[in-house]
Ligand code: ARG
C-alpha cells in the first residue's frame, strides 16, 4: 500500500498495521466530496499565486478526469490508506509534479473535516425531503379518515374515542419537530473547516472566504483547532436520527399490533409484508419489526460517536477515524428506514369496521357518560363514581353502556333521561371532543392544515 508519509521511516509498515490503519474501505464513498474540496483548494491556491496558473489548470483537469473515471467504473478505488491519499496519488500519477503541489497549505485533517461536512449536508437534504414526504402522506391519508373512529389507548387499554386521522396527526407533529431539529443542526454545522491546516492554520496567504463561497458554506470556521476536530454535528444529527427512529419505531410497534388478528385494524400491502418458511398462512410485518430493531442500532451508533470523542485532547486524534462507520450507518439506516416506511404506510389498508367494533367495546364512552351527568349538575367526582358503578353492572350483565334501558340508567341516577343515548353515541363523543388538539373531525382538519402550511413554508411540493 503506497503512503503519503514515508519520508522519515526506514522500513515498511507491518501489514497488520496497514489493515488497522486504513480507512479506505469505508471512506471511499467520500471520493466526490474529496475531489470537490481539492478543486476549490487548488483554485484558491492559483488565485492567491501560491501555485502557478498552469499547475492549477492541470490539477483541475486531472481531478475532473479522476472523477469521471471513478463514476464510469474505469478507475477502481483501492491500494491507498484513505480516500485523500488515493485521490492525490492518482492525480500525481496522471499529471506529475503539479499533483504534488495540491497539498500545499492543507492537511488530511483539513480534508476529512471538509469531506464529511459536505457529505453530511447532502444527506441532510435527502433526509429532510423524506421527512416532508412522510408528513405529506400523513396529511393525505388523514383526510380520508377524519371520521374513522377507533379506541384511543392508555396502558394499551381502551380509553377514549379518537380517529385514525387523530393518531396519524400525532405522528405528524413528532416528525415536524424532527424536521426542525434537523434544520437546526444543519444551520449550526454550516461552517467550512478547510484552511484549518493540520491544526494551526498555515503561513501561506490562503483565502478561506473564497473557498467557503466556492463550497457553498455560510462562513468559514473561526478557530483552526476546533475546525479540524469538531464532530459535534455528527452527534447532533445522530441524535436527530435517534429521535426520528424512536418515532418510527413507536409507529411500527402500533402497526404490528394493528396488523395482528387480535386487533385486525390494518393490513399491509403484500409488497411490504413477508411470509414464513413453514407456516403457509403467515403474513408478517417484518418491515415494521426491522425498523423497530434498527432503532437500537442507531442509538448504538450515536453512543459510539459520543464515546469516541469524550477523552480526546485537541486537536485531531486518529480515534476520530472511527466516526465514519458509525455515522454513515446512522444516516444509511435512517434514510433507508424512511424510504420503506413511506410507501408501506401509504399502501396500508385500514379496516374501519374492526376499529368501529373495538370502539363499541371497552366502555370508551364512560368519560362522556360522566360528563353528561356533570353537565346536568352532578359534581364530576360523584358522576365518575356513578358511571363506575354502571360499568360494573354492565360487565356483570355483558352489556355496553348504550345497551342499558333508561330504567337501568335511572337506578343509578335520576338525572339520566332519553338524551343520554345521543350523548354517549360514538359519533357524538367524537364530535364533542373539539377542544384545541382534540380528535373531533373539524379540529383534526385544522391540525392537517397546519402541517400543510409547514410543508409549503418548507418549500415542499
Ligand atoms: N483517514 C483519516 C480519518 O478518517 C483522515 C486522515 C487524517 N489522518 C492523519 N493521520 N492525520 O480521520
Ratio of Rg to Rh for segment 361-457, alpha carbon only, Kirkwood? 1.12
Could you state the number of Å between the C-alpha centres of segment 53-88 and segment 188-203? 23
Can you compute the helix-only [θ] at 222 nm over the chain? Use -39500 (n - 2.57) per DSSP H run of at least 4 residues, normalise by all residues, nearest 500 deg cm²/dmol. -20500 deg cm²/dmol
Taking the Cα centroid of segment 419-461 and of segment 222-300, what is the distance between the two, rounded to the nearest whole Å? 28
Spacing of the two label points (7 Å from each Cα toward its C-beta) at residue 391 and residue 129, in nm: 4.9
Can you say what percent of the DSSP beta bridges in the chain, counting only those with both residues inside, are antiparallel? Round to 5. 75
Angle, helix 366-375 long axis vs. longest principal axis of the chain, Cα atoms, 0 to 90°, nearest 10? 60
Calculated P(r) tail over 39 Å for the chain, as whole % of Cα pairs: 43
For a Förster distance of 30 Å, can you work out the FRET efficiency between the beta-carbons of residue 284 and residue 346, rounded to the nearest 0.05? 0.95
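For residue 69 and residue 155, calculate 0.36 nm times their separation in residues minus their Cα-Cα distance, and state this gained length in nm to one decimal.
Length difference between fully extended and current span is 25.1 nm.
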Between the Cα axis of helix 286-309 and the main Cα principal axis of the chain, the angle (0 to 90°, nearest 10) is 50
Dividing the mean separation of Cα pairs under 8 Å (6+ apart) by the residue count of the chain yields a relative contact order in percent of 16
Pop out the Kirkwood hydrodynamic radius of segment 156-291 from its pairwise C-alpha distances, inverse of mean 1/r, in Å to one decimal. 19.2
Once you sort the root eigenvalues of the Cα gyration tensor of segment 6-92 as a ≥ b ≥ c, which label holds: rounded (a/c under 1.5), prolate (a/b larger than b/c) or oblate (the other case)? oblate
Can you give the angle from 0 to 90° between the axis of helix 53-72 and the longest principal axis of the chain, with both taken from C-alpha atoms, to the nearest 10? 50
Please say if segment 83-156 is rounded, prolate or oblate, where rounded means a/c under 1.5 for a ≥ b ≥ c the square roots of the C-alpha gyration tensor eigenvalues, and otherwise the choice is prolate for a/b larger than b/c and oblate otherwise? prolate
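Any read-out appearing in this document is the output of simple, stated calculations on the displayed coordinates, not a laboratory observation. This structure is a prediction, so every number in the text was calculated from the model and none was measured. Using ideal geometry, Cβ is built from the backbone for each residue, glycine included, and neighbour counts are taken over all protein chains shown.
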